[in-house]
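Here is the structure we will look at, set down as structure tokens.
Values in this text are rule-based calculations from the coordinates and carry no lab data. No experiment lies behind these values; they were computed from the predicted model shown. Methodologically, a virtual Cβ is constructed for each residue, glycine included, from the backbone with ideal geometry; neighbour enumeration extends over all protein chains shown.
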Amino acid sequence: MKKVLFIMILMAGMMPSILYMSGIKTFTVTAQSIDTVYGWKTEDVEYLRVHKDELRYKNMQELYTLLSQKGMEIRDVWSVQTSPWVNSDGKSYVRGLCIYSLPLENLSKGDKYYRIGITLNLADNDTTIRYPDFWHTMDPNKSEILQFVEKTSSLPIREIDIRLNTAIGK
């Protein structure tokens, strides 16, 4: 298991941030000012929309790096999985990821939020990730978001979809 180092950096005149390091990969989650719309700055979301095709067939780490550079804090995460009833082996597999601009508790209240939906390119790489193994191996005493980033940073991207949504399930 890789060792992960978390450092809180508080400098005069600088925004607090968390530095995530795992091997040579670095990801920074930066606290944003309150003046953002739906959790992220509109111009940063538009930049990602324009450049999302450049991330196709690259690893998730490239997306995380871009989000970090733009100061787009990941405030919640989720996975998209197959159904065990449609798979011949009766198991559920992770096929995609979701990154949210607001925490999930805000989403159920009706707040508007940005969602980045990522379809992973696992079939072309003969990779499978069992859904229960993905979530159940996370340490409840550590940040779920940072563990999610660590587990997914090497996964290849097939497609990226960016949406502004209102309330989950509405």
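Details
- Length gained when the stretch Ser154-Asp124 is fully extended (0.36 nm per residue, less Cα-Cα span): 9.4 nm
- Residue (of Asn165, Thr128, Ser154) at the positive-pole extreme of region 68-170, dipole from beta-carbon charges: Asn165
- Label-to-label distance for Glu105 and Asp53 is 4.1 nm, based on points extended 7 Å past Cα in the beta-carbon direction.
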